[in-house]
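The structure appears right after this line, and notes come after that.
Please treat every number below as a calculation from the coordinates, not as lab data. In this text the structure is predicted, and so the values were computed from the model without any measurement. Quick reminder, even Gly has a Cβ in these numbers, built from the backbone with ideal geometry, and neighbours come from all protein chains shown.
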Amino acid sequence: MHSKIRSLASDTLIYGVSTVVGRFLTFLLTPLYTNYLSAGQIGDVAAIYAMIAFVNILYSLGLEPAFMRFWQPADHARNASVFSAAFRAIGVLGVVVTGLTILLAPWIATSSVLQLEGDGATIVRIAALIPLFDALVLIPFARLRMQRRPKVFALMRLATIVINVAMNLLLVVFLGHQIEGVVWAGVISSAASFLLFVPSIVKQRVASSEQRVASSEPRATLLKDMLRFGLPTVPASFSSIMVQVVDRPILLLLTSSAVVGMYQTNFRLAIPMMMFVTVFEYAWKPFYLSHRDDADAKVVFSRVLTLFTVVCGALFLATVFVMPYVVQMPFIGGRFINPAYWSGMTIIPIVMFAYFFNGVFINLAAGLHITKQTSWLPVATGLAAAVNVAATFLLVPPMGIDGAAWAKVAAYVSSVAVLWWYVQRVYPISYDLKRILTAVAITGTVYLVGTLAPEHSTMRMIAAISALPAYGLLLLLTRVIGASTLRTLTSLIRR
């Protein structure tokens, strides 16, 4: 049992590290774009990729989780048939929808959700290839996961990202193709990922043909069973994607592509909190699953949320006080972030606040997974999506991009509220709300006191330097961090 859990934790670490490295490399494109693209062009790119995220859900048909569910480790012949059925269905749908997108490109480019100017139809036609290639590698990547080959999975993911970054440097920086260069870089990297899988895809198709001759199970029946399992997962995936990206097209509808570019650029500057939540999510699930039967499990889980809040507070303060100096650093084409975007940095603390509640959601979800009551997860994400849409429409007109960021906070808070209400009924945990709220209050106090100093002044620099020491001291004085918390932290590090 323990050896299996250690193996799971090892795999999770590989997936987690590769994801963090990949996201960091992708993040480096943000300062690059601010120096070589206009705010409007960055907004157009954000809108295009928001649409691609939705199309990816459509192309998948829920067949990725269905493929994993129908996978049988000891039955290689049947696995080949499952692979072929899922791959073929996704491929046919992808080709048909991509073809329709290319035909309807002029209308799509000028629609309210994109509003592309100039040769927007050409950009749409090029961009239509990205979700197609992404869809074609969905099942091959899932196969690597089921074969327990995390290193190959991670290397291929990273290779795709490295190609994307390299193509952006070549096409945008050296050749000056601007938005077309960004889109072509996405196509080339996605196509390269697909080409890497071609030999294994062909091998699986051959094995599937051989198995079909020997099997009496009709291909249509297998696909029908997989769709019956996978299609119900699509609404939850759609809701999750809506929470992540729907604010971009709504913001474009209410404002302009330049405003979306300002929002997108500064939204990504909250990356320290996003990366921490991502790493925590990868580590958290195997941890609570391996210790769910421990006598002190609920006590440990409660302290984990307290520690999570403390670390988020430190990251919040470090980011909001250091980022104004980071954006001024030299970078390719000028500064790390072009000065034209600095006025939008007001959303950074708001976005980090939203990521914090996303992390709380991940903490609370443990109770649903332990009790196998996961049916409430789509309820929470669906509510979050609805709140995000409504709040964005409500807050953007009077508040601009700050309103879009606060809408994200409202979305994650609503999902946390649903999970809190339900989890305490199926898996009650006595969370130390006093310490958690005290840590949040200390974070807010240190932040507010630090921002009283004028920007770009000596006092603001002193506030930035002293923020974390003051935060730590106040945590000790208020006993948010004590001997028991430190012991828990030490135990978590050992495990």
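Since only 421, 184, 357 are under comparison, the one whose Cα sits farthest along the positive direction of the charge dipole of the chain, derived from C-beta charges on Lys, Arg, Asp and Glu, is 421.
Given contacts defined as C-alpha pairs under 8 Å and at least six residues apart, what's the relative contact order of the stretch 429-480, whole-number percent? Reported relative contact order: 48 percent.
Please sort through the DSSP H helices of the chain and keep those with an alpha-carbon extent of at least 24 Å along the long axis and a Kyte-Doolittle average not below 0.0. Working shown, then result.
Details: long enough: 2-27 (37 Å, 0.52); 39-60 (32 Å, 1.33); 76-103 (40 Å, 1.29); 150-168 (27 Å, 1.24); 178-214 (53 Å, 0.72); 271-291 (30 Å, 0.66); 297-326 (42 Å, 1.84); 347-371 (37 Å, 1.70); 376-399 (34 Å, 1.52); 401-426 (38 Å, 0.83); 433-451 (27 Å, 1.23); 458-477 (28 Å, 1.68).
The qualifying helices are 2-27, 39-60, 76-103, 150-168, 178-214, 271-291, 297-326, 347-371, 376-399, 401-426, 433-451, 458-477.
When only the Cβ of Lys, Arg, Asp and Glu is charged (+1, +1, -1, -1), the dipole of the stretch 362-494 relative to its Cα centre reaches about 500 debye. Positive contributions from Lys and Arg (+1) and negative ones from Asp and Glu (-1), summed over other residues with Cβ under 15 Å from the Cβ of residue 123, come out at -3. Summing charges over all other residues whose Cβ lies under 13 Å from the Cβ of residue 187, with Lys and Arg as +1 and Asp and Glu as -1, gives -1.
Normalised by the number of residues in the chain, the average gap of Cα pairs under 8 Å and 6 or more apart makes the relative contact order 21 percent. Can you find, among 340, 103, 138, the residue farthest towards the positive end of the dipole of the chain? Put +1 on the C-beta of Lys and Arg, -1 on that of Asp and Glu. Comparing the listed Cα positions along the dipole, 138 ranks first. Farthest towards the positive end of the charge dipole of the stretch 246-495, among the residues 254, 445, 457, is the Cα of 445, using unit charges on the Cβ of Lys, Arg, Asp and Glu.
Dividing the summed -39500 (n - 2.57) terms of all DSSP H runs of n ≥ 4 by the residue count of the chain sets its mean residue ellipticity at 222 nm at -27000 deg cm²/dmol.
The equivalent ellipsoid that matches the C-alpha gyration tensor of the chain spans semi-axes of 37, 32, 20 angstrom, in descending order. Pop a pseudo-label 7 angstrom from the Cα along the beta-carbon direction at both residue 451 and residue 174 and give the gap in nm to one decimal. The answer from the label model is 4.3 nm. Measuring between alpha carbons in the structure, the pairs from 298/372; 151/203; 224/285; 203/372; 151/408 lying more than 25 angstrom apart are 224/285; 203/372; 151/408. Only four residue types carry charge here, +1 at the Cβ of Lys and Arg and -1 at the Cβ of Asp and Glu. Report the dipole size of the chain about the Cα centre in Debye, rounded to the nearest 20. Around 1540 debye, computed over the chain. In a reduced charge model with +1 at each Lys and Arg Cβ and -1 at each Asp and Glu Cβ, the stretch 37-232 shows a dipole moment near 960 debye about its Cα centre. With N counted as the residues of the stretch 37-232, its alpha-carbon radius of gyration over 2.2 N^0.38 Å works out to 1.13.
Once you reduce the stretch 333-395 and the stretch 216-277 to the center of their Cα atoms, the two points are 12 Å from each other.
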